[in-house]
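Comments concern the structure below.
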Amino acid sequence: MKLVVGLGNPGSGYAQTRHNVGWLVVDEVARRAGATWRKEGKDTEVAEVRLGPGAGEKVLLVKPLTFMNASGRAVAPLMSFYKLEGTDLLVAQDDLDSPFGLLKVRMGGRHGGQNGVRDIIRLLGHEAFARLKIGISRPPAGWAVPDWVLSRWRDEEKNDLSELVRLGANAVEVWAASGLAEAQGQFNGTDLRPPPPPKLAPPKAASASVPSAGTAPVSAPGGAGHTGGHVENPEEG
């Protein structure tokens, strides 16, 4: 059995905020599997799915209802009750240190300021569990971090957000069925940002042709070598 935890805050007011992208991922996994969410105690919603070929791997999807800063209070009791190891746990989280459009799977490491991960580490007593990190970018100038993570997605971000959630759900399924290395191999190159514009080579200086003394320059017959007068400007971006 494995545990996949989507981090977020409960309540409709937080549903479309950046901090809740982990919830979006586990909701998508549950939707695909036709699973329903049920309340488990006062701190957790869970949905049971099977992921992978054949009978599949039994996976418990988890949404903590504790608010972000106390996420460990929902996760640690489940890990203990089901006698799971760190390698059985994947946490889907927002990541301030990755640009929006970037998705990666990693094992262990520090919390990076993500308070839900911080609390899970505190109550488990170790960092040795997998993370599905979904970039939300650092806040723009003038924004405080708490305001940024609790801000809603902009309209122009929503298409890429849908694709990130879809790929994140795929990554969960691969991790559960085939393991960490396979999920990393398939998804750690995910980057939905537009490619940077190509660097244009500096123009070459034209060399002046000086005719020999007493020799007039000869024109190409019939306009040979003429380009037709149309000059293509390189596209920017």
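Net length available on complete extension from TYR82 to GLN16 is 20.6 nm, with 0.36 nm assigned per residue and the Cα-Cα distance removed. For ASP160 and ARG32, the difference between the fully extended length at 0.36 nm per residue and the C-alpha to C-alpha distance is 44.1 nm. Helix 115-124 and the long axis of the chain differ in direction by around 40°, with both axes built from C-alpha atoms. Restricting to the chain, what percent of DSSP beta bridges are antiparallel, rounded to 5? Antiparallel: roughly 55 percent of the beta bridges in the chain. The lysines whose alpha-carbon is closer than 20 Å to the alpha-carbon of LYS158, local same-chain residues fewer than 8 away aside, are LYS104, LYS133. Across region 6-19, rounded Karplus estimates of 3J(HN,Hα) from the backbone phi angles (6.51 cos²θ - 1.76 cosθ + 1.60, θ = phi - 60°) give x, 8, x, 10, x, x, 5, x, 9, 4, 10, 9, 4, 5 Hz, Gly and Pro being marked x. Once backbone amide H atoms are built at 1.01 Å from N, GLU40 has GLU45, VAL46 as its partners under 5 Å, excluding neighbours fewer than 5 places away on the same chain. Measuring how big the chain is from its alpha-carbon positions, Rg and Dmax come out at 26.7, 101 Å.
Placing +1 on the Cβ of every Lys and Arg and -1 on the Cβ of every Asp and Glu, with nothing else charged, gives region 48-162 a dipole about its Cα centre of roughly 240 debye. Annotation for region 149-163 versus region 20-90: alpha-carbon center distance of 24 Å. Using 0.36 nm per residue and subtracting the Cα-Cα separation, the extra length available between GLN186 and LYS58 on full extension is 43.9 nm. Which ³J(HN,Hα) values in Hz, rounded to whole numbers, follow from the phi angles of region 195-201 under the Karplus curve 6.51 cos²θ - 1.76 cosθ + 1.60, where θ = phi - 60° and Gly and Pro get x? Here the 3J(HN,Hα) series is x, x, x, x, 7, 8, 5 Hz.
A short reminder: the numbers here are calculations on the coordinates, not readings from a lab. Keep in mind that what you see is a predicted model, and the values were worked out from it rather than measured. FYI the Cβ positions are ideal-geometry reconstructions off the backbone, even for glycines, and counts take in every protein chain you see.
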